[in-house]
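The values are calculated or read from the model by the stated rules, or taken from the named source; none is laboratory data. Please read all numbers here as calculations on a predicted model, not as lab measurements. Every residue, glycine among them, receives a Cβ derived from its backbone with ideal geometry; neighbour counts consider all protein chains shown. Areas reflect the complete protein model, heavy atoms only, side chains present, ligands, DNA and RNA absent. Shrake-Rupley method; radii C 1.70, N 1.55, O 1.52, S 1.80 Å.
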Amino acid sequence: MIVTYNWLQDFVDIRLSPEQLADKLTLAGLEVVSCKHIGGDVVFEIEITSNRPDWLSVYGVAREVAAITGEKLKLGDRCSVLGTRAKHPAPSTKNLITIQDKKDCPYYSYRIIRNLQIKPSAADIARRLELANLRSVNCVVDLTNYLLFETGQPMHAFDLDKLSLEQGIIVRRATQKEKLVTIDGIERQLNPDILVIADNLKPLAIAGVMGGKDTEVTSATKNILLETAVFDSILVRRMRQKLALQSEAAYRFERGVDLAATPRVSLECASLIAKCSNGKLAEFKESGSKKIADRYVTLETDLVNRALGIQITAKECKSILTALGFTVKNKSASLQVKIPSFRQDVKKEVDLIEEVARIYGFDRILSSLPKISPQQASVLDLTAYLKEILFALGLNETITYSLIDKASLTKLKINLTPVEIRNPLSKEQEILRPTILTGLLNCVAHNLNQKQNQISLFEIAKIFHADDRANPVEQPVLGIALCGERTLLLDQGVVKDVFGLLHMKGILETVFSRLGIKGFAITPLTVSKDEFIIQAGAQELGRVFLPADAQLDAFEIKNKKVFLAQLDLTKLFSLAQMEKKFLPAAKYPQITRDMSFIVKDDLAVSRILEAISALGQPLENVKIVDYYRGKQIPKGFRALTISCIYRSNQRTLTEEDVSSIQEKAVRLLVDSFGVKMR
Amino acid sequence: MDINLISAQIKEELDKIVSCDQLEALRLKYLGRKGVIAELTGSIPAVNPQERGAFGKAVNALKQQLFVSLEEKQRSLGVSKAPAPESAETDLGMPGIAQELGHKHPITGIIDQVCGIFSQMGFKVLEGPEIETEHNNFTGLNIPLEHPSRDAFDTFYLKDYEKLLLRSHTSPMQVRAMAKSKPPLAIVVPGRVYRPDAVDASHLFMFHQIEGLMVDQGVKFSDLKGVLEVFVKAVFGKDVAMRFRPHFFPFTEPSVEVDISCIICKGKGCSVCGRKGWLEILGAGLVHPNVFQQAGYDAKKFSGFAFGMGVERIAMLKYGINDIRLFFENDLRFLKQF
Ligand SMILES: [Zn+2]
């Protein structure tokens, strides 16, 4: 909404600088977003909230200025709504307006002005329209626009001689086949959802939105029909959306215009047009009701004070509301407030409390702190805990879009039923992602492109799928991506640690262990070993993926291996066992014996470890402590060192206790697995 | 000099030591610049060539042994802060060796900080679904389905599910929380929200919000001011001023937009604050009676306040980030700054 300083002065004396006024308006809820000095006037651009159509007019803003500054709202002597003393013949009895449905159009009126000469507007009117970003056309069109801005009432002037009014004006829904070229020159296909103003031959205008090109006022116009009406706000909203057509008129009808003011404004406009174009006011017709039932709301001063935390008297409340145009009667602290017709937004006591608070000033309300009742404590936040584990493992947190394009699923050969979006703006928003992997792959690709070579990422977010036709499923998951290598500059020199499947295993293992989940296992799902199942005991919690080169290529990742994982967090957290129990340190010392040997590459170490573990007491633990493949080791073999830890819980073990079982272990290795001891 | 003799002497002296000062004195005596070891080292060239090698080794062994003994003694004295032996081998100009930690995304950082502040004030942190019903997203919050007040909430709808949508704000959790429990209620809800907005440096189709709601008997507007003041000062600093501007939200009344004095220009006016000296950071208000009514709360008995803020906006202001898309690009050079 645009108003100017001088225009406001038509209705209220302002004793503040434009900048001071802008501040005051902003703090009263009319946010002034810009304030520009242009040729002797100051243009305010104000953001008006959708609940206040009465502020979509200079007059409405002036009313607010008067209330804030304690000035009287004055009647403008030139163009103001209330200043008019014009007379117009009484409505003729023969009603020439047909309204098909009063719900669409509660009130319609027109005034005819004859024998006019179309002239340019007076300079000051043209100037103000220009400041409001409206092009001056001629005095007729300009005055309808001028009064639209000044009063908030949209009006439209038709060239009377281009109408076929044998059956008068008809306000009706359009038919499927009708078309109308609007003033902007665009041909609009109409349909029964569109309300039109029509004569007996054709649609003339889209009601409340825009007039037709054929019947607009031109320099040749001699007689005009000036329409003033009120249209259903929801209907105007729907039409505007369907036609993708915004206009100053539609903007106001959608928010609601003051029905009670329409006859006054209409008369004012007609007489001003007649005056400036030497025309003569002729017929006036109206149909529908312009009566609005009086409404009253009671306001208890005590409630104002309790709701806001202030001390205000009934008298102060009354004077604030009166300044805003309410009529207030009060017996003691209880106020009977009559709601003016231009305040359709005020329905409840709380609406009045807000009005009092606004003018009283939010800055005068002092801060206090509420008593907060303790809330039931949340259980340990496992997500936050999980994130801490992952940070400590060197993984960086990412946040990627939940909306993705369908094609990225094909790229990854993922065959899931996604939840689709009905109204995406682009194909990147087609579906809710059924997997977290595509987002992570995009991050990997981006960072490779930025020459990063150590990429270790995770995201904790929801994925969605449409497996359940009744309700889409939201599922929180953890996604991990590893690509590249980490470079460790150690005392002994540089170590390049290339990310591989074992790094992924290590991360997952640590997560499971820190969450107290037993039975971690990772097993290949496919012969090609590009997908693995992550399990806790028999339960599957997620998968590890090694996308093929072609799949990576589709994400612009070239000549790199990427390791991905996705874990179901609902399942993971349901297994978490965060209760701890202290175990005392072993009472007797351990004896450790290492065995180094060379073994065939294709022999799984887990089999060796299992076999040795089976030897049992006093063997406490068996683990791999060294591993080597390369120089000095024949091709197809690897060197392993296994550590056996012996301990008894009854006594200190001796060398003899250990050596016999250790010999058994060696024999087992040689006989069953064909290893070569080193 | 007989190294074995010195070694025995050190052992004897060490045994007598009972304080750190004594230990330090011993360290200086042997390892100092003009200490015994330095003297021994200095005498190496004077030793006859046949014995020189063995002597050098023995001196070195004595020195290493001394380091170990000093450290052991230090430990037995119960002081961890050992006077670091000036080892010639460690060049402190070399990079330190440590486990590299991962970084928390700045959005998570802000969410944790903000929720932490409210948690300390007694609010409980909750999360909610991202797929919502029309009722929870709109009508339950006093937003009519066909009204200009809905224009602020352009919404993604699901294709095959009637009346389901992606929440366009975190406020639906107000409806859910009130449906689930009776007052008193004090919650904060962080989460993702979605709006079909054209993408540019300050708009995206997905972003994060944090919602707050408090309902009890006697909650008033001044309480909202007090609670938000605590929040603003904790996040933006003690010197930041806060102001309330009247606004309109269908689910609160009175409604406010909350500004803070521009943290860049300190209120003087700059390009970030549009020369206004103020930055809008959140919307808030007293819970509208219609929302209580829909939730089955007695609006005569209970009152409350609600607030909602954009996480990206706060992160951008706090860290000086000028493009919202950076948050979702996940460039490691960006992530590692937080
Ligand atoms: Zn600034």
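Under 4.7 Å Cβ to Cβ, no partner at all: give me those cysteines from chain B, in residue order.
So far as the 4.7 Å Cβ criterion goes, B:Cys20, B:Cys115 stand without a partner in chain B.
Step by step: find N for segment B:1-149, compute 2.2 N^0.38 Å, then divide the Cα radius of gyration by it. What's the final number? Please report the intermediate quantities before stating the final value.
Details: Rg = 33.2 Å, N = 149, 2.2 N^0.38 = 14.7 Å.
My calculation over the Cα atoms of segment B:1-149 gives 2.26.
As a test, work out the antiparallel percent of DSSP beta bridges whose residues both lie in chain B, rounded to the nearest 5.
Numbers: 43 of 45 bridges.
Around 95 percent antiparallel, to the nearest 5.
In what sequence, largest accessible area first, do A:Thr262, A:Thr570 appear using a 1.4 Å probe?
Numbers: A:Thr262 0, A:Thr570 80 Å².
The most accessible residue leads, giving A:Thr570, A:Thr262.
Kindly sort B:Thr90, A:Thr438 by accessible area of their heavy atoms, largest first, with the probe set to 1.4 Å.
Values: B:Thr90 90, A:Thr438 0 Å².
In descending accessible area the options line up as B:Thr90, A:Thr438.
Per the Debye formula with a single identical scatterer at each Cα and no solvent contribution, what log10 I(q)/I(0) holds for segment B:144-230 at q = 0.11, 0.26 Å⁻¹?
Each listed q corresponds, in turn, to -0.43, -1.28.
How well do other chains shield peptide A:441-450, expressed as the mean number of their Cβ atoms within 10 Å of each residue Cβ? Don't jump to the answer; show the numbers that get you there.
On the way: counts 0, 3, 6, 1, 0, 4, 6, 0, 1, 5.
The shielding value for this peptide is 3.
What whole number of Å gives the distance from the Cα centroid of segment A:128-187 to the Cα centroid of segment A:190-217?
Computed from Cα coordinates, the inter-centre distance equals 9 Å.
Residue by residue, what Karplus-based ³J(HN,Hα) values in Hz, rounded to whole numbers, does segment A:283-291 have, using 6.51, -1.76 and 1.60 with θ = phi - 60° and x for Gly and Pro?
Coupling constants for segment A:283-291: 5, 9, 10, 8, 9, x, 10, 10, 7 Hz.
How high is the relative contact order of chain A, in percent, counting Cα pairs under 8 Å that sit 6 or more residues apart?
Numbers: 1218 pairs, mean separation 58.8, N = 678.
Dividing the mean separation by the residue count of chain A yields 9 percent.
Could you list which residues have their amide H under 5 Å from that of B:Gly285, counting only those 5 or more apart in sequence or on another chain, with H placed in the peptide plane?
Those lying under 5 Å, H to H, from B:Gly285 are B:Val256, B:Ala306.
Counting pairwise Cα distances across segment A:523-593, what percent come out greater than 21 angstrom? Intermediate results must be reported in sequence, preceding the final value.
Details: 1347 of 2485 pairs.
Here the long-distance tail beyond 21 Å is 54 percent of all Cα pairs in segment A:523-593.
If you stretched the chain out fully between A:Ala392 and A:Glu19, how much longer would it get, using 0.36 nm times the residue separation minus the C-alpha to C-alpha distance? Can you show the working numbers first?
Numbers: separation 373, 0.36 × 373 = 134.28 nm, distance 5.39 nm.
Residue separation times 0.36 nm, minus the Cα-Cα distance, leaves 128.9 nm.
For segment B:3-83, what is the largest minus smallest coordinate of the Cα atoms on each principal axis, given in angstrom and ordered from greatest to least?
44, 20, 18
Using the structure shown, list the pairs from B:Lys276/B:Lys336; A:Lys581/A:Lys623; A:Lys36/A:Lys338; A:Lys72/A:Lys285; A:Lys315/B:Lys124 with a Cα-Cα distance above 30 Å, or answer none.
On the way: B:Lys276/B:Lys336 33 Å; A:Lys581/A:Lys623 24 Å; A:Lys36/A:Lys338 37 Å; A:Lys72/A:Lys285 35 Å; A:Lys315/B:Lys124 41 Å.
B:Lys276/B:Lys336; A:Lys36/A:Lys338; A:Lys72/A:Lys285; A:Lys315/B:Lys124, as the Cα separations exceed 30 Å there.
Using the C-alpha gyration tensor of segment A:591-677, what are the square roots of 5 times its eigenvalues, in whole angstrom, with the largest one first? Write down the numbers at each step before the final one.
Details: eigenvalues 130, 28, 23 Å².
Sorted largest first and rounded, they come to 25, 12, 11 Å.
Of the listed peptides A:24-36, A:599-611, A:47-59, what is their order by residue-averaged count of other C-beta atoms within 10 Å, with the highest listed first? Please list the in-between numbers first.
Numbers: A:24-36: 19.2, A:599-611: 13.1, A:47-59: 22.8.
Descending mean neighbour count gives A:47-59, A:24-36, A:599-611.
Taking amide hydrogens as modeled 1.01 Å from N in the peptide plane, which residues meet the under 5 Å criterion relative to A:Arg188, leaving out close sequence neighbours?
Those qualifying (amide H under 5 Å, at least 5 residues apart or on another chain) are A:Leu180, A:Val181, A:Thr182.
Please report the projected area of segment A:428-568's Cα convex hull averaged over all directions, in nm². It would help to have the intermediate numbers written out before the result.
On the way: hull surface 44.5 nm².
So the Cα hull casts an average projection of 11.1 nm².
Arrange the peptides A:201-209, A:359-367 so that the one whose residues have, on average, the most other Cβ atoms within 10 Å appears first. Mind showing how you got there, number by number?
Values: A:201-209: 23.2, A:359-367: 15.3.
Packing order, densest peptide first, comes out as A:201-209, A:359-367.
Apply the Karplus parameterisation 6.51 cos²θ - 1.76 cosθ + 1.60, with θ equal to phi minus 60°, to every residue of segment A:340-353 and state each ³J(HN,Hα) to the nearest whole Hz, in sequence, with x for glycine and proline.
x, 4, 7, 10, 5, 6, 8, 10, 10, 4, 4, 5, 6, 4
Any lysines with Cα under 29 Å of the B:Lys34 Cα? List them, leaving off those in the same chain fewer than 8 positions away.
Partners found: B:Lys11, B:Lys16, B:Lys57, B:Lys63, B:Lys73, B:Lys81.
Label A:Asp124 and A:Tyr628 with points 7 Å out from Cα along Cα→Cβ: what is the distance between them in nm?
Taking the simple label geometry, A:Asp124 and A:Tyr628 are separated by 10.1 nm.
With chain B treated as a Gaussian network of Cα nodes joined by springs under 10 Å, which of B:Lys159, B:Lys180, B:Lys16 yields the largest mean-square fluctuation?
B:Lys16
Determine, at each q value in 0.19, 0.21, 0.23 (inverse angstroms), the log₁₀ of I(q)/I(0) that the Debye formula gives when each Cα of segment A:122-182 is one equal point scatterer.
For segment A:122-182, the Cα-only Debye profile gives -0.85, -0.91, -0.98.
For segment A:2-69, what log10 I(q)/I(0) values come out of the Debye formula at q = 0.27 1/Å, with one point per alpha carbon and no solvent?
Values, matching the q order: -1.41.
For chain A, with only Lys/Arg (+1) and Asp/Glu (-1) charged at the beta-carbon, what is the dipole magnitude about the Cα centre, in debye rounded to 20? If you can, show how the numbers build up before the last one.
Details: 91 positive and 80 negative charges, 126 e Å.
So the magnitude is around 600 debye.
How big is chain A in terms of Cα radius of gyration and Dmax, in angstroms?
40.4, 128
Is the C-alpha gyration tensor of chain B telling us rounded, prolate or oblate? Criteria: a/c under 1.5 is rounded; beyond that, a/b larger than b/c is prolate, otherwise oblate.
Working: a/c = 3.54, a/b = 3.05, b/c = 1.16.
Prolate, because a/c is 1.5 or more and a/b exceeds b/c.
Compute the angle between helix A:262-277 and the longest alpha-carbon principal axis of chain A, please, reported from 0 to 90 degrees and rounded to the nearest 10.
For A:262-277 against chain A, the angle is about 60 degrees.
A:Glu166: accessible area at probe 1.4 Å, nearest 10 Å²?
140 Å²
Rounded, prolate or oblate: which fits segment A:479-554, taking a ≥ b ≥ c as square roots of the Cα gyration tensor eigenvalues, rounded meaning a/c under 1.5, else prolate when a/b beats b/c? Each step should come with its number before you reach the end.
On the way: a/c = 2.66, a/b = 1.23, b/c = 2.16.
Judged from the Cα gyration tensor, segment A:479-554 comes out oblate (a/c at least 1.5, b/c at or above a/b).
Within 10 Å, count the other beta carbons around each residue, average over each peptide in B:114-121, A:517-524, and list them highest first. Present the calculation step by step, with values, prior to reporting the outcome.
Numbers: B:114-121: 17.5, A:517-524: 14.4.
Highest-to-lowest ranking by the protection proxy: B:114-121, A:517-524.
Tell me, Kirkwood radius of segment A:97-288 from alpha-carbon pair distances, in Å? Could the numbers behind the result be given before it?
On the way: mean 1/r = 0.0608 Å⁻¹.
One decimal place: 16.5 Å for the Kirkwood radius.
Excluding residues on the same chain fewer than 8 positions from A:Lys635, give the lysines whose Cα lies under 23 Å from its Cα.
Once the sequence-local lysines are set aside, what remains near A:Lys635 is A:Lys496, A:Lys529, A:Lys600, A:Lys676.
Summing -39500 (n - 2.57) over the DSSP H runs of n ≥ 4 in chain A and dividing by its residue number, what mean residue ellipticity at 222 nm do you reach, to the nearest 500 deg cm²/dmol?
On the way: 19 runs with 198 residues, N = 678.
Helices in chain A give a 222 nm mean residue ellipticity of -8500 deg cm²/dmol.
At what distance in nm do the modelled label points of A:Arg135 and A:Lys580 sit from each other, each positioned 7 Å from its Cα along Cα→Cβ?
Result: 7.6 nm between the two label points.
Can you work out the Karplus-derived ³J(HN,Hα) for every residue in segment A:464-472? Use 6.51 cos²θ - 1.76 cosθ + 1.60 with θ = phi - 60°, whole Hz, and x for glycine or proline.
Per-residue couplings from phi come out as 9, 9, 10, 4, 8, 5, 7, 9, x Hz.
Near the amide H of A:Ile463, under 5 Å away, which other amide H atoms are found, from residues 5 or more places off or on another chain, if H is placed in the peptide plane?
Under 5 Å from the amide H of A:Ile463: A:Gln475, A:Val477.
How big is the gap, in Å, between the Cα center of segment B:273-337 and the Cα center of segment B:121-166?
Centre-to-centre distance over Cα atoms comes out at 16 Å.
At a temperature of 10 °C and a viscosity of 1.306 mPa s, determine how fast segment B:153-309 diffuses translationally according to Stokes-Einstein, using the Kirkwood radius over alpha-carbon pairs as Rh; express D in µm²/s, rounded to the nearest whole number.
Working: Rh = 17.0 Å.
In µm²/s, the coefficient rounds to 93.
Ranked by accessible surface with a 1.4 Å probe, highest first, in what order do A:His37, A:His465 come? Don't jump to the answer; show the numbers that get you there.
Numbers: A:His37 120, A:His465 35 Å².
Descending order: A:His37, A:His465.
Take the alpha-carbon centre of segment A:456-515, take the same for segment A:315-382, and report the distance between them in whole Å.
52 Å
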